[in-house]
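Structure, as structure tokens:
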Amino acid sequence: MTTSSEVRSYPFEMHDIGISPLYARLRAEEPLSRVALPYGEPAWLATRHADVKLVLTDPRFSRAVAQGLDQPRLRRELTGDGIMGMDPPDHTRLRRLAGKAFTARRVERMRSSIRELSHRLIDRMEAAGRTADLVEDFATPLPVTVICDLLGVPVEDHHVFREWTAGLTDDSTARGDVLYEVGGKLEEYMAGLVAQRREEPTDDLLGALVYARDNGDRLTEDELISIAGAGLLTGGVETVSSALPSFVFTLLTHPEQLTRLRREPELLPRAVEELLRYVPINTAAMFARYALEAVSFGDTVVRAGDPVLAALHAANRDPEVFEDPERLDLGREHNPHVTFGHGPHHCIGAQLARLELQEALKALLERFPELRFAEGPEDVEWKYGVIVRGPSRLHISW
């Protein structure tokens, strides 16, 4: 392993569903490199699968230490990271409490309703004509409705949550212009919903979290609102609303793989995993971990106090782990991707995101056997926000 003294500007150049070729070069020649984000101190960038997993799981790296420091970041303002800014045992406590309300059984029970919602949205698209914007008419309202139903948000307020989600993740928040305003409104709204659940208990996710908070578990009011609000809203909405149109774009630009999926629909769960591996969803590596002591990566030593960023999408293309990693293979069997993270901070909503993506793609392929670009792949408009990346407009025909 070699380490250059060069500090590279980060994020690297982005374009549609691809990742910068610099990641592959760094992975091979300088797997631990120095980078500078728009704000905060320089950091190490880990690009190999094994190194990324180590940074995400080894207790010698801490997220809690980052709180209050000039940590490397895409936004100007320093904000609290909620559960993402914690280490065990506090992180373990919150994960356990949230897990009581966010169980695999609860998620699986949602499959039929998500399937029905997918088809209702397609019905609406068909009624409007022969073309639609997949982002505006399908990929965004789907997860907004799912998360709002989980939290018990009234239907008349869904559009507000949609605006807040965009506000928490788009480019304007990189300058700190709307972050606090949106975050404050969201916290105030969630506090109101929490008060309602205390007056009238419900069986939705928020009701379960309130019950956990009020019945002996050590969950503070701020932690409750943080988990239910920005955590679930941002992670549960923007991940799916960006990933879904990116997946459709990928399938339409890989017609042989799309044909295979239509011919072998039983591959759908495996296909979603491969799309999660292949398609970068995040703008860049985020949430730096700080070394609590010196840690060696081959010949490179990360000193105590140094921040390290884990490049998930670079790890997902590591040829040491994935055979022919630059090739999209919807039948890929060995696929230990790290798109949802790894270890203690593995995304708690990963199973829900998988379910939504599976049912949404299944509905689109069933209902639109002639699914295609309404214009052309070169006409798709892309967004590269401070958290997620994906099409901002994707017009389809059927």
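The values are calculated or read from the model by the stated rules, or taken from the named source; none is laboratory data. The structure displayed is predicted, hence computed values, not measured ones. FYI the Cβ positions are ideal-geometry reconstructions off the backbone, even for glycines, and counts take in every protein chain you see. The area values use the complete protein model at the heavy-atom level, side chains included, leaving out ligands, DNA and RNA. Shrake-Rupley method; radii C 1.70, N 1.55, O 1.52, S 1.80 Å.
Just one of the numbered conditions (1) open to solvent by less than 10 Å² (accessible area, probe 1.4 Å); (2) modelled with pLDDT of 95 or more; (3) within 16 Å of the chain's Cα centre (by Cα) is not true of Val388; which one?
(2)
State yes or no: is Leu233 under 14 Å from the mean Cα position of the chain (by Cα) and either of a type in the set (Val, Ile, Thr) or modelled with pLDDT under 95 (or both)?
yes
If Pro245 satisfies every condition in (1) in contact (Cβ under 8 Å) with a residue 12 or more places away in the chain; (2) surrounded by fewer than 17 Cβ atoms within 10 Å (Cβ to Cβ); (3) assigned to a helix (DSSP H, G or I) but one, which is the exception?
With (1) in contact (Cβ under 8 Å) with a residue 12 or more places away in the chain; (2) surrounded by fewer than 17 Cβ atoms within 10 Å (Cβ to Cβ); (3) assigned to a helix (DSSP H, G or I) applied to Pro245, the lone miss is (2).
Report yes if some residue within the stretch 310-327 is under 23 Å from Asp70 (Cα atoms), loosely packed, with under 15 Cβ neighbours inside 10 Å and in contact with a Lys or Arg (Cβ under 9 Å, 6 or more places away or on another chain); otherwise report no.
Quick first cut of the stretch 310-327, residues under 23 Å from Asp70 (Cα atoms) only: 310-312.
Narrowing the set further to residues that are loosely packed, with under 15 Cβ neighbours inside 10 Å leaves none.
Checking the stretch 310-327: not a single residue is under 23 Å from Asp70 (Cα atoms), loosely packed, with under 15 Cβ neighbours inside 10 Å and in contact with a Lys or Arg (Cβ under 9 Å, 6 or more places away or on another chain).
Can you confirm whether Glu366 is of a type in the set (D, E, K, R) and assigned to a loop (DSSP other than H, G, I, E, B)? Spell out the reasoning first.
Values: of a type in the set (D, E, K, R): yes; assigned to a loop (DSSP other than H, G, I, E, B): no.
No; evaluated as a whole, the condition is false for this residue.
Please specify each residue of the stretch 125-145 satisfying the condition of being out of contact with any helix residue (DSSP H, G or I) (no Cβ under 7 Å at 6 or more places or on another chain) and in a helix (DSSP H, G or I).
First pass over the stretch 125-145, keeping only residues out of contact with any helix residue (DSSP H, G or I) (no Cβ under 7 Å at 6 or more places or on another chain): 126-131, 133, 136.
Once the filter is applied, which keeps residues that are out of contact with any helix residue (DSSP H, G or I) (no Cβ under 7 Å at 6 or more places or on another chain) and in a helix (DSSP H, G or I), the stretch 125-145 yields Glu126, Ala127, Ala128, Glu136.
If we scan the stretch 48-60, do we find a residue that is in contact with a His (Cβ under 9 Å, 6 or more places away or on another chain), among the basic types (Lys, Arg) and either open to solvent by 20 Å² or more (accessible area, probe 1.4 Å) or at pLDDT below 95 (or both)?
yes
Mind listing just one residue for me: the one in the stretch 346-363 that is open to solvent by 30 Å² or more (accessible area, probe 1.4 Å) and either modelled with pLDDT under 95 or among the hydroxyl-bearing types (Ser, Thr, Tyr) (or both) and, of those, farthest from Ser113 (Cα to Cα)?
Among those residues, the one meeting the criterion is His346.
Is it true that Leu45 is within 15 Å of Val295 (Cβ to Cβ), touching a Ser or Thr at 6+ places or on another chain (Cβ under 8 Å) and either assigned to a strand (DSSP E or B) or open to solvent by less than 50 Å² (accessible area, probe 1.4 Å) (or both)? Show your work before the answer.
Numbers: within 15 Å of Val295 (Cβ to Cβ): yes; touching a Ser or Thr at 6+ places or on another chain (Cβ under 8 Å): yes; either assigned to a strand (DSSP E or B) or open to solvent by less than 50 Å² (accessible area, probe 1.4 Å) (or both): yes.
When the stated conditions are applied, Leu45 passes them.
Among the numbered criteria (1) under 26 Å from Arg105 (Cβ atoms); (2) modelled with pLDDT under 80; (3) crowded, with 21+ Cβ neighbours inside 10 Å, which single criterion is violated by Asp217?
(3)
Condition first: open to solvent by 20 Å² or more (accessible area, probe 1.4 Å), within 21 Å of the chain's Cα centre (by Cα), at pLDDT 95 or above and not aromatic (Phe, Trp, Tyr). Can you find one or more residues in the stretch 3-21 that meet it?
Residues of the stretch 3-21 that are open to solvent by 20 Å² or more (accessible area, probe 1.4 Å), as a first pass: 3-9, 11, 13-16, 19, 21.
Right, trim to within 21 Å of the chain's Cα centre (by Cα) and you get 11, 13-16, 19.
Still in the running and at pLDDT 95 or above: none.
Checked against the condition, which is being open to solvent by 20 Å² or more (accessible area, probe 1.4 Å), within 21 Å of the chain's Cα centre (by Cα), at pLDDT 95 or above and not aromatic (Phe, Trp, Tyr), the stretch 3-21 yields no hits at all.
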